[in-house]
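Notes follow the structure.
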Amino acid sequence: MKKYTFVVDLDRCIGCHGCQVACKQENGVALGAARTEVKDVGPTGVYPNVQMYFLPAMCQHCENPTCAEVCPTGACYVDPEDGVVRIDRSVCIGCQTCAAACPYKVNTFNQELRVMDKCNICAQLREVGEEPACVKNCCGRALHVGDINDPDSEVSKLIREAGEENVHTLRDFGNKPGVRYILRHAQWMDVLPQDCKETKRGRM
């Protein structure tokens, strides 16, 4: 079975918010909301031995997504074709149960449409053979997307090249988050996105 997800090279992320802006423009995300947010992790340590990194936080496209488990209408579901967690707006009632259940707080409420919204890895672009907007517009080439179950895919090769000790996921609550983060030059911090500060450019 295919499992599309992100691999994020945090050593290359400069916290520019390019992914967040591109996502908002491509997907018509409302002002004050976001499908992707760039977080500050750190700084930690004592000068001069201080470190920090930027963490793009989006839907983790979990193998066992709690958002899909609790959705009362089946609007939130895992696409059997690619393993991406999606929301069918035509049956979403905007109850926000999925947002409450998500341990990473990445589902948002569309105030205008009164339905839930989240990253679907730009399904509309992938259908025509294009990369997601965030990947295309990442100036540091930190963002990659592909089938993590395909050993010959770019994302699988990146993970192998980085080495197991440098590949991380957000904390697993039994949901098995799919996004992989590569971090070689700083210490990985076991933090949740909602506990981190948003980078100083702030919410758009």
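Quick note: the coordinates plus some simple rules give every number you see, no bench work behind them. Predicted, not measured: the structure shown is a model, and the values here were computed from it. Every residue, glycine among them, receives a Cβ derived from its backbone with ideal geometry; neighbour counts consider all protein chains shown.
Could you work out the relative contact order of segment 82-164? I mean the mean sequence separation of Cα pairs under 8 Å and 6+ apart, divided by the number of residues, in percent. Don't skip to the answer; put the middle values down first.
Numbers: 72 pairs, mean separation 14.6, N = 83.
Value for segment 82-164: 18 percent.
Tell me the mean residue ellipticity at 222 nm calculated for the chain from its helices only (DSSP H runs of n ≥ 4, each -39500 (n - 2.57), averaged over every residue, nearest 500). Working shown, then result.
Numbers: 6 runs with 37 residues, N = 204.
Only helices count here, giving -4000 deg cm²/dmol.
Treat each spin label as a single point 7 Å out from the Cα along the C-beta direction, and report the N149 to F109 distance in nm.
The two pseudo-label positions are separated by 3.4 nm.
Between D88 and K136, what is the FRET efficiency for a Förster distance of 22 Å, r being their Cβ-Cβ separation, to the nearest 0.05? The partial results should precede the final answer.
Details: r = 25 Å, r/R0 = 1.16.
So, using R0 = 22 Å, E works out to roughly 0.30.
With a 4.7 Å Cβ cut-off, tell me which Cys residues in the chain come up empty for a partner.
C13, C16, C23, C62, C92, C95, C102, C122, C138, C139, C196
Where does each of 45-52, 159-166, 88-95 land if you order them by average Cβ count within 10 Å, highest first?
Working: 45-52: 9.2, 159-166: 12.5, 88-95: 14.0.
Peptide ranking by packing, descending: 88-95, 159-166, 45-52.
Ordered by packing density, taken as the mean number of other Cβ atoms within 10 Å over each peptide's residues, highest first, how do 107-119, 187-199 rank?
Those peptides, ordered most packed to least, come out 107-119, 187-199.
Find the relative contact order for the chain and round it to a whole percent, using C-alpha pairs within less than 8 Å whose residues are 6+ positions apart. Please report the intermediate quantities before stating the final value.
On the way: 401 pairs, mean separation 65.8, N = 204.
RCO, the chain: 32 percent.
With 18 Å as the limit, write out which pairs from K39/K136; K24/K136; K3/K24; K105/K157; K105/K176; K2/K157 have Cα-Cα distances beyond it, or answer none. Show your work: numbers first, answer last.
Values: K39/K136 20 Å; K24/K136 13 Å; K3/K24 24 Å; K105/K157 29 Å; K105/K176 15 Å; K2/K157 16 Å.
Result: K39/K136; K3/K24; K105/K157 exceed 18 Å.
Work out from phi, with θ = phi - 60° and the Karplus expression 6.51 cos²θ - 1.76 cosθ + 1.60, the ³J(HN,Hα) of each residue of segment 148-153, listed in order in whole Hz, and give x for Gly and Pro.
These are the phi-based 3J(HN,Hα) values: 6, 8, 9, x, 9, 6 Hz.
Considering only C-alpha atoms, what is the centroid distance from segment 98-124 to segment 170-192, in Å?
21
For the pair R184/Q96, report the inter-label distance in nm, with labels modelled 7 Å from Cα in the Cβ direction.
4.3
For labels at Q194 and A123 in the simple 7 Å Cα→Cβ model, what's the distance in nm?
So the two model labels end up 2.5 nm from each other.
To test your reading of the geometry: what angle, between 0 and 90 degrees and rounded to tens, separates the Cα axis of helix 18-27 from the longest principal axis of the chain?
With rounding to tens, the tilt is 10 degrees.
Return the tail of the calculated pair distribution for segment 29-94, meaning the percent of Cα-Cα pairs more than 21 Å apart.
Details: 1005 of 2145 pairs.
Tail of the P(r) past 21 Å holds 47 percent of the pairs.
Enumerate the amide H contacts of E198 below 5 Å, restricted to partners 5 or more residues apart or on another chain; note that Pro and chain-start residues carry no placed amide H.
For E198, whose amide H was placed from the backbone, the distant partners under 5 Å are D40.
Scan (i) 18.4, 63; (ii) 24.9, 76; (iii) 16.4, 54 for the value of Rg and Dmax of the Cα atoms in Å calculated from this model and give just the label.
Recomputing Rg and Dmax of the Cα atoms in Å here picks out (iii).
Calculate the FRET efficiency for R12 and K176 from the Cβ-Cβ distance with a Förster distance of 25 Å, rounded to the nearest 0.05. Spell out each step's value before the answer.
Numbers: r = 25 Å, r/R0 = 1.01.
So the FRET efficiency works out to roughly 0.50.
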